1. GNM on the chain, C-alpha springs below 10 Å: top fluctuator among Pro276, Pro115, Pro71?
2. Please express the Cα-Cα pair-distance distribution P(r) of region 1-148 as a list of whole percents, one per 5 Å bin, running from 0 to the bin with the greatest distance.
3. Of Arg255, Arg75, Arg195, which has the largest mean-square fluctuation in a 10 Å C-alpha GNM of the chain?
4. At 0.36 nm per residue, and after removing the present C-alpha to C-alpha distance, how many nm does the segment from Arg128 to Leu310 gain when stretched out fully?
5. Mean projection of the alpha-carbon convex hull of the chain over all orientations, in nm²?
6. Can you tell which of Leu243, Leu172, Leu84 lies farthest toward the positive end of the dipole of the chain, using +1 and -1 charges on the Cβ of basic and acidic side chains (Lys, Arg; Asp, Glu)?
7. Using θ = phi - 60° and the Karplus curve 6.51 cos²θ - 1.76 cosθ + 1.60, what whole-Hz ³J(HN,Hα) does each residue of region 261-278 get, with Gly and Pro shown as x?
8. Assigning unit charges at the beta carbon (Lys, Arg +1; Asp, Glu -1) and nothing else, what dipole magnitude in debye, to the nearest 20, does the chain show about its Cα centre?
Amino acid sequence: MTVSGVGAKRRQPSLAQLRAFVAVAEHLHFRDAAAAIGMSQPALSGAVAALEETLGVTLLERTTRKVLLSPAGERLAVRAKAVLEEVGALMAEAEAVRAPFTGVLRLGVIPTVAPYLLPTVLQLVHDRYPHLDLQVHEEQTTSLVDGLTTGRLDLLLLAVPLGVPGVVELPLFDEDFVLVTPLDHPLGGREGIAREALKELNLLLLDEGHCLRDQALDICREAGRADAPVTTTAAGLATLVQLVAGGLGVTLLPRTAVRVETSRSDQLRTASFAAPAPARRVALAMRTGAARSTEYAELASALREALRSLPVRVLDRPEKLT
């Protein structure tokens, strides 16, 4: 025996009904809405009426001249649009499963990595994954991690460790830091300098929020420097290096940035640290359990090979995707 009322299983609206209703909600005109989704006007009107019957509410107020959303219609139009967007995302994800390295990949990159690694990344994607729609977002670490955890971004390229729950890191390489000095600085051009030399130097840093600033401060603390050597800061590495060229102090650059940044001035010299030199690790980062985790691991492996021509120590290690 079938029981109606509370507890009875209600019919579910169809996607066609939801599309019809959302189109009418957006256009407030049956003819325009029907044209927008490629449906005949009678079919669209019937789909909306069927949805009203299924939901048990009046969604539209119809007059001879115009169409208005009822109060219930205004509330449910938002929900219906969200459902259709999620269905679209589901279909896109299914397409990615059927055909790896297709569709959109939203990649977040920190500013102290982007100018030096993106040429290699973009060339790799162009050559090996031509059907991948790579969209690049350059932001600071905090913003990137927030974008990853909220779903705004799919994959990150940045310095690690992050220590963020729910985020998996796929290490790519380690790279040493190099000391950049003015042309006439006594340490300029030297090799094998001790970290302790940083205790006496006027070190120029990036602004707050850059992970490279935090790394430089950590290196100074490891060298035995207790104070924060902050007298002048810059928003980017290009400005930082020009301040060094102007004689305001010295700075630390990751080795991948040295050729690009020091070529802008003939008033600079570099110096290398004694082993083990201060270094940073760069990795891809993804959400734990990401649907495309296998693709991201393959991309990490391909990137390691592509980056071997750069002055870095590539990390050959199997991916742990759990």
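The values are calculated or read from the model by the stated rules, or taken from the named source; none is laboratory data. From a predicted model like this one, the values you see are computed outputs, not experimental measurements. Counting neighbours? That spans all protein chains shown, and the Cβs are built from the backbone with ideal geometry, glycine included. Surface areas here come from the heavy atoms of the whole protein model, side chains and all, with no ligands, DNA or RNA. Shrake-Rupley method; radii C 1.70, N 1.55, O 1.52, S 1.80 Å.
1. In this elastic network of the chain, the residue with the biggest mean-square fluctuation among Pro276, Pro115, Pro71 is Pro71.
2. The calculated distribution, bin by bin, is 2, 8, 13, 13, 11, 10, 9, 10, 10, 7, 5, 2, 1, 0, 0.
3. Residue with maximal mean-square fluctuation among Arg255, Arg75, Arg195: Arg75.
4. Details: separation 182, 0.36 × 182 = 65.52 nm, distance 1.92 nm.
Result for the pair: 63.6 nm of gain on full extension.
5. Details: hull surface 100.7 nm².
For the chain, averaging the hull's shadow over all directions gives 25.2 nm².
6. Leu84
7. 7, 7, 6, 7, 8, 9, 9, 10, 9, 10, 9, 10, 8, 5, 6, x, 6, x
8. That gives the chain a dipole magnitude of about 860 debye.
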